[in-house]
1. Relative to the longest principal Cα axis of the chain, at what angle does helix 7-17 sit, 0 to 90 degrees, rounded to 10?
2. Simple spin-label model, 7 Å along Cα-to-Cβ: Asn62 to Ala37 in nm?
3. What accessible area per residue comes out for the chain, rounded to a whole number of Å², with a 1.4 Å probe?
4. I'd like the carbon and sulfur percentage of the solvent accessible area for segment 1-63, probe radius 1.4 Å, heavy atoms only, ligands and nucleic acids excluded.
5. By the gyration tensor of its Cα atoms, with a ≥ b ≥ c the square roots of the eigenvalues, what is the shape of segment 25-102: rounded for a/c under 1.5, prolate for a/b over b/c, or oblate?
6. Using just the helices of the chain, give the 222 nm mean residue ellipticity in deg cm²/dmol: DSSP H runs with n ≥ 4 each add -39,500 (n - 2.57), and the total is spread over all residues, rounded to 500.
7. Is the chain best put as rounded, prolate or oblate by its Cα gyration tensor, with a ≥ b ≥ c the root eigenvalues, rounded for a/c under 1.5, and otherwise prolate when a/b is larger than b/c, oblate when not?
8. Using only Cα atoms, locate the centre of segment 1-56 and the centre of segment 65-139, then give the distance between them in Å, rounded to an integer.
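The values are calculated or read from the model by the stated rules, or taken from the named source; none is laboratory data. Since we're looking at a predicted model, the values are computed, not measured. In this analysis, Cβ positions are derived from the backbone assuming ideal geometry, glycine residues included, and neighbour counts consider all displayed protein chains. Side chains included, ligands, DNA and RNA excluded: accessible areas come from the protein's heavy atoms. Shrake-Rupley method; radii C 1.70, N 1.55, O 1.52, S 1.80 Å.
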Amino acid sequence: MWKTKSLEEQITAVLEDNKFCSFGTIDGQKPKVRYMALFNEGLTLYLATNAKTDKVDEILGNPNVYVLVGFDGKKSNDILQIEAKAEVCKDETLRERLWNSSFKEWFEGPHDPEYVILKINPDRIEYTGADKEPQVWEK
């Protein structure tokens, strides 16, 4: 008997297969989007950044964010559109767990005070798979 993956499992698989995303914040009344390296634990997303960036200020002013995952210029079968709330996280354990040697270009190490994690908590995720109707996960 075939077991169909649940929507949450399908979404998690897409997150784990993609190392980058488009990340949108609100600057005043205007959206700003940039590419970011993507990490996840289940449906919780994490983005590493410098504490002194515009995106941190934008999140502090308005925590509503948007994340697009899955389109990398190649034929993509799975795309996620994520509406979420973001928070700036300085938790030492999390920063150590997510630390990557490629971050040395910007930070001295996992304890660098300018190294912070953006924790992204999805409210709504629209999943579009190959030849499938979009499906929606909501918190």
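1. 50 degrees
2. Rounded to a tenth, the inter-label distance reads 2.9 nm.
3. On the way: 8630 Å² over 139 residues.
So the chain comes to 62 Å² accessible per residue, rounded to a whole number.
4. On the way: 2160 of 3960 Å².
For segment 1-63, the apolar C and S fraction of the accessible surface comes to 55 percent.
5. Oblate shape, in that a/c is at least 1.5 and b/c is the bigger or equal ratio.
6. Helix contribution divided over all residues of the chain: -5000 deg cm²/dmol.
7. Working: a/c = 2.00, a/b = 1.55, b/c = 1.29.
It comes out prolate by the Cα gyration axes.
8. 2 Å
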